[in-house]
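One structure is given below, encoded as structure tokens.
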Amino acid sequence: MSDSFDQISQQLKRRHRKSARLKWLSMGALGLAGLFLLWFFTDMLIKGLPAFQQAYVETEISYSEEAAKDARQAIDSDLIPIVSRTEIRSIPLLLRNEPDRIGSRETRWLLANSEVDQYLKGHRSKLSDKEIATVERLVASGQVEQKFNSTFFTQGDSKTAESAGILSAVVGTIMTMIVTLAIAFPIGVMTAIYLEEFAPDNRFTQLIEININNLAAIPSILFGLLGLAIFINFFGVPRSSPLVGGMTLALMTLPVIIISTRTALRSVPESIRHAAFGLGCSRWQVVKDHVLPLAMPGIMTGSIIGLAQAMGETAPLIIVGMVAFIPDVGASFTEAATVMPAQIFTWASEPEKAFVEKTAGGILVLLTILISLNASAVVLRKKFERRW
Amino acid sequence: MNSMSTQATVQTPGQSAERVEQQTPAVGQPYTRNSEASHELSIRVRDLNLWYGKSQALSNISIDLFQKNVTALIGPSGCGKSTFLRCLNRMNDLIPSVSISGLVEMDGRDVNAAKMDEVALRRRVGMVFQKPNPFPKSIYENIAYAPRMHDMVSRKADQDELVEKALRDSGLWNEVKDKLQEPGTSLSGGQQQRLCIARAIAVQPDVILMDEPTSALDPISTATIEDLMDKLKEQFTIVTVTHNMQQAARVADYTAFFHLGEVIEYNDTKVMFSTPAQKKTEDYISGRYG
């Protein structure tokens, strides 16, 4: 006689309990990960958003003869510790370039010292009681205000926190990524096409395949050492330049592009290849006219993800000297430059409190770019998704 | 074994053609045999052997295929009929483990010779596959692509004309003439298969190979394709694989019966289905296995 429903239910209870336990465990893991992510983002936003606001002081500047020699003569002595040193230092330079200004007066909003900025944001500052009194007076009269920090997006790095910006790092990143993409994309895609469409399946190609997969798992700092040894020491590529940085990162991105391209090529159904071969296409025509266009969205997605990965990379760039103090926005691929993660790294190691804010602000900019890159990869994949 | 001894001799259908004319046509043969059917040789196959790695898939195949006829290859699954078909346009080259010996001759040239370019061969020997596989491009592009690739057309007007002709020949023109720019994959299965046929004939090959062209289609589409094959044989030599014996009986002028990689019998279709010479053929045709 077979078991009754009651008997079966008895046995099932244990199994149901087990699967429920597993379900709760996995949901817990997911929840924990989500919680960490939320914590991380909130912390970043709380620390980083104030970086986009900066204190400015409305200052009357008198461009006198003395000011051309000693900039401290140009503004009210009470304001000297409050206004940013960078602003004061730029006055003699301005007068040297435009001598007919001498003798005139002008009222402008100048960047405030980072200590003032920190004080206004409610952080600890090194201002003396007298200076605090001045600041309070100026705030009351509307001469000190928090404004949108355009300096952060239009200037390069600086030793004074208030005038430090991320532009030179953004430009450096863009140039480095151009080099990376220009090298890794064609080489990666062609390698994948060869391995997937042309190469015979023998020991040699299997060996290459295993090595490419292993390459993707190599610690990135080793690529930096390779870049240093080969590109800088052997080929003499200028150190710290977007060229050498891009070449080093291209080595790192290559396996990612090769692997994703091969996956994309493999997902093109064999029947399309047969149809093309049957019509008398040569192998290259099959690839160029039929397989590649169908695989392109997948290839693009993989490449963008590889690029985003390279963009967040710091370790190999430290080795090739791209972590440097770069106040000027780079103009060529062979000049010294820095990239966003390296800039964040530089700011993070500054002792001043005001740089903590810059660090978080830099991370926000980097994250925004990375998230939009990854989102574009997802959109691309969704848009061109094809079913056979 | 009787069947073994027949393998050694070249099998030419029509040897018994005179005798056939006097016989009453077999039941279930809607098409009358074209008595003026050409007996000009299209492809000559001698002692063809093929191995997948170490396992032999074709043994000592020697048959002649004739121009402007439909030749059907029938036999149980795994008998090597599709493999044989792919030998005729060297599609087996795509499978790395395949090795071939013997002669496949077309126009006096050895198809497998090192000098023979498989691209040139496939231009003259087109192929239609089991599952309709139009390119994921427009209907127009599906057909225009290959002639353009082979430099058969240069002007846009010529290309338009060629596309129209191919679509008319495949009986698809009236159905698609207003939507030539729509993707080929938007058509129904039967239409897709006719699009694939149009694509193949647009290159103006001599031979069209069809690998079970109707096995993925419904009965009505199947009938349409069979009618089409009957029309197309006026222009092309058609070699079709089918495991539907009724289909072979309906469309084929000649039929070859494959079994375990050998050609057991090759004859005029009517003879084959009415008075098979071999016991194995008779067993297969009468449905005793397969």
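Of note:
- Selection of the stretch B:143-161 for residues being more than 8 Å from every other protein chain (Cβ to nearest Cβ), part of a helix (DSSP H, G or I) and more than 23 Å from the chain's Cα centre (by Cα) yields B:148, B:156, B:157, B:158, B:159, B:160, B:161.
- Pairs linking a residue in the stretch B:94-109 that is over 19 Å from residue A:274 (Cβ atoms) and polar (S, T, N, Q) to a residue that is open to solvent by 50 Å² or more (accessible area, probe 1.4 Å) and in a strand (DSSP E or B), with Cβ atoms under 9 Å and 6 or more positions apart or on different chains, are B:99/B:51; B:99/B:52; B:101/B:47; B:101/B:51.
Yes or no, residue by residue, for (1) in a helix (DSSP H, G or I); (2) open to solvent by less than 70 Å² (accessible area, probe 1.4 Å):
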residue: A:118; (1), (2): yes, yes
residue: A:124; (1), (2): no, no
residue: A:127; (1), (2): no, yes
residue: A:132; (1), (2): yes, yes
residue: A:135; (1), (2): yes, yes
residue: A:139; (1), (2): yes, yes
residue: A:147; (1), (2): no, yes
residue: A:152; (1), (2): yes, yes
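- Total residues in the stretch A:333-352, condition open to solvent by less than 40 Å² (accessible area, probe 1.4 Å) and among the small types (Gly, Ala, Ser): 2
- From A:50, A:81, A:92, residue being open to solvent by less than 80 Å² (accessible area, probe 1.4 Å), touching a helix residue (DSSP H, G or I) at 6+ places or on another chain (Cβ under 8 Å), touching a residue at least 24 places away in the same chain (Cβ under 8 Å) and assigned to a loop (DSSP other than H, G, I, E, B): A:81
- Residue A:313 touching a residue at least 12 places away in the same chain (Cβ under 8 Å), crowded, with 21+ Cβ neighbours inside 10 Å, more than 24 Å from residue A:52 (Cβ to Cβ) and of a type in the set (D, E, K, R): yes
- Residue match in the stretch B:156-178 (condition: touching a strand residue (DSSP E or B) at 6+ places or on another chain (Cβ under 7 Å), over 13 Å from residue B:129 (Cβ atoms) and touching a residue at least 40 places away in the same chain (Cβ under 8 Å)): no
- On inspection, residue B:232 qualifies as touching a residue at least 12 places away in the same chain (Cβ under 8 Å) and open to solvent by less than 20 Å² (accessible area, probe 1.4 Å).
- Qualifying positions in the stretch B:143-174 - of a type in the set (S, T, N, Q) and surrounded by 17 or more Cβ atoms within 10 Å (Cβ to Cβ): B:159, B:170
- Residues that are at pLDDT below 90 and more than 22 Å from the chain's Cα centre (by Cα) within the stretch B:21-66 comprise B:21, B:22, B:23, B:24, B:25, B:26, B:27, listed in sequence order.
- Pairing residues of the stretch A:292-308 that are away from chain B (no Cβ under 14 Å) and over 11 Å from residue A:263 (Cα atoms) with residues that are among the basic types (Lys, Arg) and open to solvent by 10 Å² or more (accessible area, probe 1.4 Å), at Cβ distances under 9 Å and at least 6 apart in sequence or on separate chains, gives A:300/A:381; A:301/A:381.
- Qualifying residues in the stretch A:249-287 (those that are surrounded by 22 or more Cβ atoms within 10 Å (Cβ to Cβ), within 14 Å of another protein chain (Cβ to nearest Cβ) and assigned to a helix (DSSP H, G or I)) - the one farthest from the chain's Cα centre (by Cα): A:278
- Among the residues making up the stretch B:175-186, those that are open to solvent by 70 Å² or more (accessible area, probe 1.4 Å) and not acidic (Asp, Glu) are B:177, B:181.
- Among the residues making up the stretch B:267-285, a single one is assigned to a strand (DSSP E or B) and in contact with a helix residue (DSSP H, G or I) (Cβ under 8 Å, 6 or more places away or on another chain): B:268.
- Entirely in the stretch B:68-142, the strands (runs of 3 or more DSSP E) that have 3 or more residues that are more than 9 Å from chain A (Cβ to nearest Cβ) and open to solvent by 60 Å² or more (accessible area, probe 1.4 Å): none
The values are calculated or read from the model by the stated rules, or taken from the named source; none is laboratory data. Please read all numbers here as calculations on a predicted model, not as lab measurements. No Cβ is skipped: glycine too gets one built from the backbone with ideal geometry, and neighbour counts run over all protein chains shown. When the accessible area is computed, the model is the full protein with side chains, heavy atoms only, and any ligands, DNA or RNA have been set aside. Shrake-Rupley method; radii C 1.70, N 1.55, O 1.52, S 1.80 Å.
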